[in-house]
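The values are calculated or read from the model by the stated rules, or taken from the named source; none is laboratory data. It should be emphasised that the depicted structure is a prediction, and the values quoted were computed from it without experimental measurement. All Cβ positions, glycine included, derive from the backbone under ideal geometry; neighbour counts span all protein chains shown.
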Amino acid sequence: MHVPQIGAGLLYVPGPRGKVDLLDEAAARDELGIPELTRLGRSGISERLGTSAFAGALFDPETMQFAAGKLPAALAKTARAAGVRILDHTAIFSADLDGLRKYLETPNHRVRADHVAFCSEGGLDAIAPWLAQAIGYEHRVTGALLPAFAGPPASEPVIEGGARGVRFLWTGTQLEFVAPTASPVRGAGAVARVLRRHARRIYPALRRAKVAQPEIAQVARALHGLPLIGSFRPGVWYAIALGEEPMVAASLAADLISAAVLERDDRITTFAPFGLSPWHGAFGRIAGGARYWIGRWNDAAERREARAEEGDPMETGREATPISSER
């Protein structure tokens, strides 16, 4: 499909538990038979990222980065070339999924199908409430911080471990940053403040940095945290809540659903134990927000404990300035 590759490599840095997170990741990869990753010590990751905030890191040289923004158009072009008819931006306002033949009603069409696959979280309340109630949303703030110092040599994406870890990527002289929040943040100024608060834990010098393109985002999640891939009843499939990096999960879901339809392959039942657990509406959202803040407090305590065990007297948020030249 000619989707351009824009980079390679990934750095996994530990979450609040410090080196324990790295050991757990290495143990999980060993148990699953996945090749071991290159380990970087504190000095190695400090030189690479320009911060002493992390006790070490795992480096995966095999991870590839693609220009994902061009993927939908490439997929649509490939599908049309195979004879698929696509109804762009067409809302579905009702669905009859009970019989052998399924019917979908749109403003201008009545679509009959033997199989229906739900692959988007939007508009499910009206046509698939059983699926909509299994989806919750985690909130993110994103933006590019513009520091007053030259960026470090690393050009790989960085993923922090833990349930509330951040993600960032140095692109020349700016730091693209994604951080979780308990609820939606309103206004560009508020988004910028949240980004600076998270970023200064890693780069204290960014506490007053300018922020370009501050935005909010939502990530659909199942209650158990795994992708929702499976069958509701014969001929009705779903592949949603695929996570923050959905390309791999989407490819897996496409293979499983197509194999089930064309070859009666039952491998998709592997996901059956991780089914459609309801979030329980507003109560579930409130409980999720409470879990987030309790988790934040626990994270802070675990970071202090991990630093003490690792013999690092430096408190979180007071790391040395980045290893780079001031401008």
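So which of 249, 290, 282 ends up being surrounded by fewer than 17 Cβ atoms within 10 Å (Cβ to Cβ), of a type outside the set (Lys, Arg) and at pLDDT 65 or above? Being surrounded by fewer than 17 Cβ atoms within 10 Å (Cβ to Cβ), of a type outside the set (Lys, Arg) and at pLDDT 65 or above holds for just one of 249, 290, 282, which is 290. Close contacts from the stretch 41-52, counting a first residue that is over 15 Å from residue 205 (Cα atoms) and a second that is at pLDDT 90 or above and assigned to a strand (DSSP E or B), with Cβ to Cβ under 6 Å and a gap of 6+ residues or different chains, come to 45/57.
Let's see how each residue does on (1) more than 29 Å from residue 23 (Cβ to Cβ); (2) assigned by TED's automatic domain parsing to the domain that holds residue 101; (3) of a type in the set (Val, Ile, Thr); (4) more than 15 Å from the chain's Cα centre (by Cα):
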| site | (1), (2), (3), (4) |
| --- | --- |
| 164 | no, no, no, no |
| 189 | yes, no, no, yes |
| 194 | yes, no, yes, yes |
| 203 | no, no, no, yes |
| 210 | yes, no, no, yes |
| 238 | yes, yes, no, yes |
| 248 | no, yes, yes, no |
| 256 | yes, yes, no, yes |
| 264 | yes, yes, no, yes |
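Residues in the stretch 53-84 that are polar (S, T, N, Q) and over 30 Å from residue 203 (Cβ atoms): 78 only.
Going through the stretch 251-262 one residue at a time, which ones are hydrophobic (A, V, I, L, M, F, W, C) and free of Cβ contacts under 8 Å to residues at least 12 places away in the same chain? Working first, answer last.
At the first step, the residues of the stretch 251-262 found to be hydrophobic (A, V, I, L, M, F, W, C) are 252-254, 256-257, 259-262.
Passing the criteria: 259, 262.
Looking across the stretch 1-38, the residues that are basic (Lys, Arg) and under 17 Å from residue 55 (Cα atoms) come down to 17, 19. Restricting the stretch 106-143 to residues that are part of a loop (DSSP other than H, G, I, E, B) and β-branched (Val, Ile, Thr), the residue that is surrounded by the most Cβ atoms within 10 Å (Cβ to Cβ) is 135.
Taken over the stretch 195-238, the criterion of being in contact with a Gly (Cβ under 8 Å, 6 or more places away or on another chain) and among the small types (Gly, Ala, Ser) is satisfied by 212, 220, 222, 230.
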